[in-house]
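First the structure, in the form of structure tokens, and then the observations on it.
Nothing in this text is a laboratory measurement; each read-out follows from the coordinates by a stated rule. Worth saying up front: this structure is predicted, and the values here are computed from it rather than measured. We place every Cβ from the backbone using ideal geometry, glycine too, and count neighbours over all the protein chains shown.
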Amino acid sequence: MSQPQAPARIPQKDVGAKANVKRLLQRRSRIAAAGVTGGGIAEQAGVRGAASPSCGLPVAANTVVVATGARYRRLTARGIERFEGLGVHYAATLWEARTCRLDTVAVVGGGNSAGQAALFLARESPAVHLLVRGEDLGHNMSRYLIDRIEQNPRIHVRLHTEVQEVTGEDRVEAVVVRDNRTREQQVLEARALFVFIGARPATSWLVGAVTLDPRGFIPTGQDVAHVAADLWNPLGRAPLALETGLPGVFAVGDVRSGSVKRVASAVGEGAMAVRLAHEHLEEVRPPATR
């Protein structure tokens, strides 16, 4: 089972803060929804939506905030599970960095997250092995990161390299790698292994309901402005910043396409989405009678 990324936090004081708004918070497995008021299922533009929480019962809602996060992809090399938390990490925060700040470490991955981690760890680690399965950093990594990595004498980039095994006694001591062209194996000394090989968004339950990008993440705002224009015309506006291709449905945190995969960003998006959800409720709520 892969390591979960924390979904965005929706501040309790904000959810349902306005009068006449009921709320449902379905943790982890299915959905986080704000402003549950009853109705049909995606019948009117931006007015109705529905989801089935873990209890299996459908829930109708005027607006929904999807904050289901993503799960890290894990290596299948020998020894990985044994050393998780003992030198094998799926994040590179100050906490993990402190455990190996004076040691040689290895980072697996060829994307921006791996590049950023390598640069961060190289501030104090004497040597960082950046292990990349492909033949070119430029395939998945931004140019500015590549330039910084190439200029950093502590970072050693190893292309065409795959991890075969993680070894050690009580914690990680070495990584066995293999050149995927020559099949030659090598043992690299490393006191920690940081894995950044992508994440799988928790959106399988949304297929066919909202627009997803090719990797399964949820695009929002201007990225879905061209989708189903007939849904937006009655509202007289374009999608809001965190709104998906379905009016009234918002996505925040790691599940959102293009989001910054950091806790602070997810918390901020969660708070912002609640405000936007209330704006949408004001649009679709029937006028008060006197």
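Using only Cα atoms, figure out Rg for the stretch 113-238 and give it as a multiple of 2.2 N^0.38 Å.
Working: Rg = 20.5 Å, N = 126, 2.2 N^0.38 = 13.8 Å.
Ratio of Cα Rg to 2.2 N^0.38 Å: 1.49.
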*Find the centroid of the Cα atoms in the stretch 88-160 and in the stretch 171-215, then give the distance between the two in whole Å.*
13
*asked:* Starting from 0.36 nm per residue, how many nanometres of slack lie between ASP179 and GLU282 once their C-alpha separation is accounted for?
replied: 31.2 nm
*Starting with the highest mean, order 251-260, 152-161 by the number of other Cβ atoms within 10 Å, averaged over the residues of each peptide.*
251-260, 152-161
*Calculated FRET efficiency, ALA264 and ARG73, Cβ-Cβ r, R0 25 Å, to nearest 0.05?*
0.60
_If you filter the stretch 130-200 for GluC sites (Glu not before Pro), then keep DSSP loop positions with at most 13 other Cβ within 10 Å, what is left?_
GLU135, GLU169, GLU184
_Calculated over the stretch 79-137: convex hull of Cα atoms, volume per residue (Å³)_ = 85
*With θ set to phi - 60°, apply the Karplus curve 6.51 cos²θ - 1.76 cosθ + 1.60 along the stretch 129-141 and write out the HN-Hα couplings as whole Hz, x wherever there is a Gly or Pro.*
8, 9, 9, 10, 5, x, 9, 7, 4, x, 5, 10, 10
